[in-house]
1. Find me the longest stretch of the chain that has none of the exposed trypsin sites (Lys or Arg not before Pro), where exposed means in a DSSP loop (not H, G, I, E or B) with at most 15 other Cβ atoms within 10 Å.
2. What is the magnitude of the charge dipole of the chain about its Cα centre, with +1 placed on the Cβ of each Lys and Arg, -1 on the Cβ of each Asp and Glu, and no other charges, expressed in debye to the nearest 20?
3. Considering only DSSP beta bridges where both residues belong to the chain, give the percentage that are antiparallel (nearest 5).
4. Taking only Cα atoms and a 10 Å spring cutoff, compute GNM fluctuations for the chain and point out the largest among Ser64, Ser114, Ser93.
5. Quick check: convex hull of the Cα atoms in the stretch 2-120, volume per residue, rounded to a whole Å³?
6. Pick from Asp73, Asp41, Asp26: which residue has the top mean-square fluctuation in a GNM of the chain where Cα pairs under 10 Å get a spring?
7. Name every cysteine in the chain that ends up alone, with no second cysteine's Cβ under 4.7 Å, or say none.
8. Which is the longest run of the chain containing none of the GluC sites (Glu not before Pro) found in DSSP loop states (not H, G, I, E, B) with at most 16 other C-beta atoms within 10 Å?
Amino acid sequence: TGTDQRGWCLKIRAESGENVTLTCRDTNINQDLAFEWNRTDLQEGEYVFVYRNRGVNSDDQHESFKNRVILKDPQMKDGDLSVVLKNLKTKDSGTYQCRVLRENDHLRDMSLISTIHLLVFKLKLWRFQPPAQS
């Protein structure tokens, strides 16, 4: 965990089948809030989660995330833009980024708020076998 000039950074290890919260908080949000969660290996225009025009936009959501990502707090109280990724799969491992639209004068910029490095693993159950008798 830590903070740098590119926003907040966190590493998470989780087991497949679990739900995980991807944390993002921005107290400078306004009525025309727009933000997105992406994973760095997705194609341009494909997202994990998109919020625009006062609602969730599932049109640009990558197929593998449909019906699996929800806002942690639908009211987004105190700027909580975190999402919950449900029913993790090992292929969900990757680097996730939360970006918020900033409008300064006439410049529109997606500012990086947080980065999550997610590693999803499968738990292997090892069966105990007693040593062979001789």
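1. Free of exposed loop sites, the longest segment is 7-53.
2. Dipole about the Cα centre, nearest 20: 760 debye.
3. Among the beta bridges of the chain, antiparallel pairing accounts for roughly 80 percent.
4. The residue with the greatest mean-square fluctuation here is Ser64.
5. 108 Å³
6. Asp41
7. If one checks each Cβ against the other cysteines of the chain, Cys9 turn up with nothing under 4.7 Å.
8. 47-134
Bear in mind that the values in this text are calculations on the coordinates, not laboratory data. Nothing here was measured: the structure is a model prediction, and the numbers come from that model. Positions of Cβ are generated from backbone atoms using ideal geometry, with glycine treated the same way; all protein chains shown enter the neighbour counts.
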